[in-house]
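Participant: One structure is given below, represented as structure tokens, and several questions about it will come after.
Throughout, read-outs are computed from the coordinates displayed, never taken from laboratory work. None of these values were measured; they are calculated from a predicted model. Because the Cβ atoms are built from the backbone with ideal geometry, glycine has one as well, and the counts that use them run over all protein chains shown.
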Amino acid sequence: MIKNNTPKALSLLLAAGALTAGVATASAGIAGAAPGSSAPDGSGITKTVVIGLDGTMLDQVEAADAPNLHRLIAEGTSGQSSILGHPTISGPSWSTILTGVWHTKHGVVDNTFTGSNYEQYPSAFTRIETAKPEMRTAAISTWGGIATIAGSGTPKADVVVTTPGAGSGAATDAATADAVVNEIASNGPEFVFTQLDQVDGAGHSSGTAGSEYRPSLERVDVEVGKIVDAVDARSKATGEKWTILVTSDHGHKPNGGHGGQSEAEGVTFVIARGAGYQAGVVDDTLTIADITPTVLDNLGLDQPADLDGTPIEKGAPTATGSLGLLTGSLGN
Ligand SMILES: [Zn+2]
């Protein structure tokens, strides 16, 4: 079994101060977002942005000065689980995230993408564009492997962008996030996926126990905040419903590196914040294979029968003991 259902208490939930401090409030400009405009197929859908944080570990996020991610955790449903049994490598994991099936079906086992089976198990982009070609889908990422996935199949994503290197991992991620903000504000896509890479870079160079990992988390949190602000500003201006999903593809060893089957390398997480997700719920049964089913469900599309994941549950909370304390501590 790939799912790991072992509950894990989020120590963050007890750090109430972290939940209310430092929440960014700058609003992004909205271009071309006519109030009242909605999705091509009318109202009732929820648009989704998936923010992929390469090589990022939730326990490290909790310990970092990362107010934007802390806020998403506090306002949504989140959980940590293991992918062990599955390669702890970006290509296979982002393929799982973007297809809703594990490597045993999508066929990607490393970053060469040799053996990919996206024809039988297409990306979320292809699923959406097949069902509703009028919907806008975009992939804007720092790592070029995402374009391999988003550009696969027919039809593929409407927008497939790999950010040109900007001199450092942090600068390139900033450019990626700026492009995502612009896409959300200007075009209001039904589905936008982004991947930010600097935390993985820091993991490789210093390990999670080294000096570079924590600062990289705190920098990427700023980029997450820009995207959250753009979503919230657009939602407020247009009345559109939006969900923000945050996830990762693998962990890192304390001294750096991944690709093996140790516990630290196999850890991943999912955060779901938006219409219907209850504040502060922790559900460690969530897996990275649930991302695509959730995106399709939000758009009112049928669930393909052969997906391995399931849509993240909305409504009544299923966990945890910390919930009362957490929600009690939240202001606005
Ligand atoms: Zn990766």
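Participant: When Phe269, Phe113 are ordered from fewest to most other Cβ atoms inside 10 Å of their Cβ, what list results?
Facilitator: Fewest-to-most Cβ neighbours within 10 Å comes out as Phe113, Phe269.
Participant: Continuing with this model, one more query. Taking H as built 1.01 Å from N, whose amide H comes closer than 5 Å to the amide H of Thr46, not counting residues under 5 places away?
Facilitator: HN-HN under 5 Å from Thr46: Leu299, Gly300.
Participant: Over the stretch 211-319, what relative contact order in percent results from Cα pairs under 8 Å that are six or more residues apart?
Facilitator: Relative contact order comes out at 20 percent.
Participant: Also: Quick one: what are the phi-derived ³J(HN,Hα) couplings along the stretch 124-139, Karplus 6.51/-1.76/1.60 with θ = phi - 60°, whole Hz, x for glycine and proline?
Facilitator: 4, 4, 5, 4, 5, 5, 6, 6, 9, x, 6, 6, 9, 10, 9, 10
Participant: Within a 10 angstrom radius of the beta carbon, how do Ile149, Ile227 rank from fewest other beta carbons to most?
Facilitator: Ile227, Ile149
Participant: Between the alpha-carbon centers of the stretch 237-269 and the stretch 62-134, tell me the distance in whole angstrom.
Facilitator: Using only Cα atoms, the two centres lie 9 Å from each other.
Participant: Roughly what % of Cα-Cα distances in the stretch 44-150 sit above 17 Å, to the whole percent?
Facilitator: Of all Cα-Cα pairs in the stretch 44-150, 61 percent lie more than 17 Å apart.
Participant: Still on this structure, I have one more. Among Thr238, Gly55, Ile128, which residue has its Cα furthest toward the positive end of the charge dipole of the stretch 44-329, with +1 on Lys/Arg Cβ and -1 on Asp/Glu Cβ?
Facilitator: My answer, from the dipole projection, is Thr238.
Participant: Within 12 Å, Cβ to Cβ, of Asn68, how many net charges do the neighbouring residues add up to if Lys/Arg are +1 and Asp/Glu are -1?
Facilitator: That sum, taken over residues with Cβ under 12 Å, equals -3.
Participant: Another question, then. What's the lysine pair count for the stretch 44-329 at a Cα cut-off below 17 Å, pairs eight or more apart or interchain?
Facilitator: Step by step, the pairs that qualify in the stretch 44-329 add up to 7.
Participant: Using the number of other C-beta atoms within 10 angstrom as an exposure proxy, rank Met57, Met135 with the fewest first.
Facilitator: Met135, Met57
Participant: A further question follows. So if I place +1 on the C-beta of Lys and Arg and -1 on the C-beta of Asp and Glu, and nothing else carries charge, what would the dipole magnitude of the stretch 181-290 be about its Cα centre? I want it in debye, nearest 20.
Facilitator: In debye, rounded to 20, the stretch 181-290 gives about 260.
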